[in-house]
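K.L.:
Submitted below is the structure of interest, expressed as structure tokens.
The values are calculated or read from the model by the stated rules, or taken from the named source; none is laboratory data. These numbers were taken from a predicted model, which means no experiment stands behind them. Cβ placement follows ideal geometry from the backbone for every residue including glycine, while neighbour counts extend to all protein chains displayed. Just so you know, the surface numbers come from the protein's heavy atoms only, side chains and all, with ligands and any DNA or RNA stripped out. Shrake-Rupley method; radii C 1.70, N 1.55, O 1.52, S 1.80 Å.
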Amino acid sequence: MSIASANTNMRVPAGFRNLLEGLAREVLREQPTDVVAFAAQYFQKLLEQRAAGGTDPVAWGAMLED
């Protein structure tokens with residue numbers, strides 16, 4: 001069975017690449033046994049930092065990409 005694919009151009013949102021690179025760096029550094037749980041904790045910490053008035057990693061990453 002084959003699935004037809006459309007020729008669509010999908011753009012990665014600004015800052016997304018930088019956000020995923022940060023996660024990949026931490027996964028390689030920590031070597032967690034459960035990567036999915038680690039990623040959930042990592043993103044939760046980023047949300048808490050942003051809510052506390054810290055830097056927004058997505059906005060910061062978007063500035064780097066420009």
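K.L.:
I need a count of the residues in the range 12-53 that are in contact (Cβ under 8 Å) with a residue 40 or more places away in the chain and among the polar types (S, T, N, Q).
P.N.:
Count: 1.
K.L.:
Shifting gears a bit: Just need a number here: residues in the range 7-20 that are in a helix (DSSP H, G or I) and either open to solvent by less than 80 Å² (accessible area, probe 1.4 Å) or in contact with a helix residue (DSSP H, G or I) (Cβ under 6 Å, 6 or more places away or on another chain) (or both).
P.N.:
Of the residues in that region, 3 qualify.
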